[in-house]
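This report concerns only the one structure given below.
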Amino acid sequence: LAVEYYFEPAGMLAIGFFLKEMKGFIHTQGGIQVPAGTDNGFGGDYAGYTLTTQRNGGTGKTKGVEFTYQQQFTFLPSPWKAFGAYASYTRQETTGDYGAIGTTRSTNELPNFIPETANLGLSFIKDRISIRALYNWRSSFLISYSATTAALTYGADAATVDIKTVYQLSSRVSMYLDVLNIFNDPHRDQYRHGGRANYLSQVTSPMFAFGATARY
């Protein structure tokens, strides 16, 4: 359910509510101890190892609200009329029944559903040139489920800034140059339940993407 308000000369303000119910959702389950014995599923090997695998859950539900704002400032004098802004925020609450495991996690703990996300953007569009600066933020979220609470795995909250540029060579051909994560922020940290000490951290350097697109 969404309500949208459009205003002159070019802008929109919207709020939306959503509810999604799922059956047999796929999730990652970790913290499983491989038992000893020839019938452990691995021919007797790997006893004592910790197993992480994909499984189907029972039922899941997510509900939430999202806000969106976007506007092109064409009502301002030059050069400000070439600028525009964008912002969005989404918050959702989730619950999941993990089937044979027989437990339901608390609010915001359906794997890979992010409880909160926010985006801010500033654009400059004039003649053949388009430049966008984008700020993206997400809250921490459950990555891997386990029946053992201490083995629950979470992704840490993260924020990145991207720059995207486009130069229009003609009505059908354009070239682009994107710089992703320009401040080299860590955005793949993971930690266990009950503490924020990272057990896995991946830091990627800024990524450059260059190319051309054509429409026929």
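The values are calculated or read from the model by the stated rules, or taken from the named source; none is laboratory data. Not measured: the values here are computed from a predicted model. With ideal geometry, Cβ positions are generated from the backbone for all residues, glycine too; neighbour counts draw on all protein chains shown. Surface accessibility is based on the protein's heavy atoms, side chains included, excluding ligands, DNA and RNA. Shrake-Rupley method; radii C 1.70, N 1.55, O 1.52, S 1.80 Å.
A few notes on this one:
- Normalising the average separation of contacting C-alpha pairs (under 8 angstrom, six or more residues apart) by the number of residues puts the relative contact order of region 53-183 at 17 percent.
- Reduced Cα scattering model of region 1-134, Debye log10 I(q)/I(0), q = 0.11, 0.16, 0.17 Å⁻¹: -0.64, -0.90, -0.95
- Max mean-square fluctuation residue, GNM over the chain, Cα-Cα springs under 10 Å, options Thr74, Thr94, Thr62: Thr74
- All lysines inside 30 Å of Lys81 as judged from Cα atoms, apart from same-chain residues fewer than 8 positions distant: Lys126, Lys164
- Put a dot 7 Å past the Cα of Val173, heading toward its Cβ, do the same for Asp39, and the two dots end up 6.9 nm apart.
- In summary, the aspartates and glutamates within cross-link reach of Lys23, defined as a Cα separation below 18 angstrom excluding same-chain residues under 8 places away, comprise Glu93, Asp97, Glu109.
- Per residue value of the accessible surface for the chain (all protein chains in place, 1.4 Å probe), Å²: 61
- Summarising the label geometry, the points placed 7 Å from Cα in the beta-carbon direction at Met22 and Leu200 lie 1.8 nm from one another.
- In terms of accessible area, using a 1.4 Å probe and ignoring ligands and nucleic acids, Val34, Val3 rank largest first as Val3, Val34.
- When a 1.4 Å probe is rolled over the protein heavy atoms, the share of accessible surface on region 1-147 that falls to carbon and sulfur comes to 58 percent.
- Counting only protein heavy atoms and using a 1.4 Å probe, the accessible area of Ser201 comes to about 70 Å².
- Using a simple spin-label model with pseudo-atoms 7 Å out from Cα toward Cβ, Phe210 and Tyr135 lie 2.9 nm apart.
- Relative contact order %, region 137-213, counting alpha carbon pairs below 8 Å whose residues are six or more apart: 28
- When each of the peptides 208-216, 52-60, 152-160 is scored by the mean number of other C-beta atoms lying within 10 Å of its residues, the order from highest to lowest reads 152-160, 52-60, 208-216.
- The alpha-carbon of Lys20 sits under 19 angstrom from the alpha-carbons of these lysines, leaving out residues fewer than 8 places away in its chain: Lys61, Lys63.
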